[in-house]
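The values are calculated or read from the model by the stated rules, or taken from the named source; none is laboratory data. If you're wondering where the values come from, they're calculated on a predicted model, not measured in any experiment. Note that each Cβ is placed from the backbone with ideal geometry, even for glycine, and that neighbours are counted across all protein chains shown.
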Amino acid sequence: TSSSSGISADLGYVFLTPIRNLKLSAALKYWGITSKMNEESIQLPLTFELGTTKDFTFSSVLLSLSGKAVKTEDNNELNAALGLNCSVKEKVNFRMGYKINYDAEDFSAGIGFNLGKFIIDYAFIPFDSELDDVHMFGISYKF
């Protein structure tokens, strides 16, 4: 078997704009070093992301629209993602997303339940390749 090791870090910032409920963000991800594997150098995909989120409140419903542009060092194309989250009474979240310029995925959808200290999430991600669709489940605990 072969192995390699490495260390990386992400650095990001969220700017709360003077425009009500509008946030801008920037992140540098996978900044680090790795060891060689079988005498071959392995590079982490240094990635730069710019994003924005705008929240709209309607009575007990919070609607969040978000978008981000993603540029990786090893890819000439600019990728992007759009998202919509609808939170009802901070208890149930309905989510939809769309990825642009990704090879095998585009649309995704999910639902989440806030049960006090526990959060239960489900997401459906169809793939446009020989890969099967993905069903993701998550359980989180808030300390």
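I'd like to know if region 123-139 contains one or more residues that are of a type in the set (Gly, Ala, Ser), modelled with pLDDT of 95 or more and farther than 26 Å from Pro45 by Cβ.
Taking region 123-139 as the starting set, the residues that turn out to be of a type in the set (Gly, Ala, Ser) are 123, 129, 138.
From what's left, modelled with pLDDT of 95 or more: 123, 138.
Next, from what is left, pick out any that are farther than 26 Å from Pro45 by Cβ: none.
Scanning region 123-139, I find no residue that is of a type in the set (Gly, Ala, Ser), modelled with pLDDT of 95 or more and farther than 26 Å from Pro45 by Cβ, so the answer is no.
Pick from region 8-21 the residues that are of a type outside the set (Gly, Ala, Ser) and touching a Ser or Thr at 6+ places or on another chain (Cβ under 8 Å): which of them is nearest to Thr72 (Cα to Cα)?
Quick first cut of region 8-21, residues of a type outside the set (Gly, Ala, Ser) only: 10-11, 13-21.
Right, trim to touching a Ser or Thr at 6+ places or on another chain (Cβ under 8 Å) and you get 13-15, 21.
Values: Tyr13: 18, Val14: 20, Phe15: 22, Asn21: 29 Å.
Within region 8-21, the match that is nearest to Thr72 (Cα to Cα) is Tyr13.
Filter region 38-69 for residues that are within 16 Å of the chain's Cα centre (by Cα) and over 18 Å from Leu84 (Cβ atoms) and give the result.
Pro45, Leu46, Thr47, Phe48, Glu49, Leu50
Could you tell me which residue of region 17-61 is farthest from Met96 (Cα to Cα), considering only residues that are of a type in the set (D, E, K, R) and loosely packed, with under 15 Cβ neighbours inside 10 Å? Don't jump to the end; show me each part of the working.
Of all residues in region 17-61, those of a type in the set (D, E, K, R) come to 20, 23, 29, 36, 39-40, 49, 54-55.
Going one step further and asking which of them are loosely packed, with under 15 Cβ neighbours inside 10 Å, we end up with 20, 36, 39-40.
Working: Arg20: 23, Lys36: 39, Glu39: 43, Glu40: 40 Å.
Checked region 17-61; the qualifying residue farthest from Met96 (Cα to Cα) is Glu39.
Here are some residues: Asp128, Asp106. Which one is among the acidic types (Asp, Glu) and closer than 19 Å to Leu84 by Cβ?
On the way: Asp128 fails: closer than 19 Å to Leu84 by Cβ.
After ruling out the rest, the residue left standing is Asp106.
Here is a check on your reading of the model: is Phe107 of a type in the set (Phe, Trp, Tyr), under 25 Å from Lys29 (Cβ atoms) and touching an Asp or Glu at 6+ places or on another chain (Cβ under 7 Å)? Talk me through it step by step, then tell me what you get.
Numbers: of a type in the set (Phe, Trp, Tyr): yes; under 25 Å from Lys29 (Cβ atoms): yes; touching an Asp or Glu at 6+ places or on another chain (Cβ under 7 Å): no.
When the stated conditions are applied, Phe107 does not pass them.
Could you check, for region 62-74, whether at least one of its residues is farther than 27 Å from Gly138 by Cα, modelled with pLDDT under 95, in contact with a strand residue (DSSP E or B) (Cβ under 6 Å, 6 or more places away or on another chain) and surrounded by 15 or more Cβ atoms within 10 Å (Cβ to Cβ)? Reasoning before the result, please.
Residues of region 62-74 that are farther than 27 Å from Gly138 by Cα, as a first pass: 71-74.
Subsequent filtering for residues that are modelled with pLDDT under 95 retains 72-74.
Next, only the ones that are in contact with a strand residue (DSSP E or B) (Cβ under 6 Å, 6 or more places away or on another chain) stay: 72.
Narrowing further to those that are surrounded by 15 or more Cβ atoms within 10 Å (Cβ to Cβ): 72.
Yes, region 62-74 contains at least one residue that is farther than 27 Å from Gly138 by Cα, modelled with pLDDT under 95, in contact with a strand residue (DSSP E or B) (Cβ under 6 Å, 6 or more places away or on another chain) and surrounded by 15 or more Cβ atoms within 10 Å (Cβ to Cβ).
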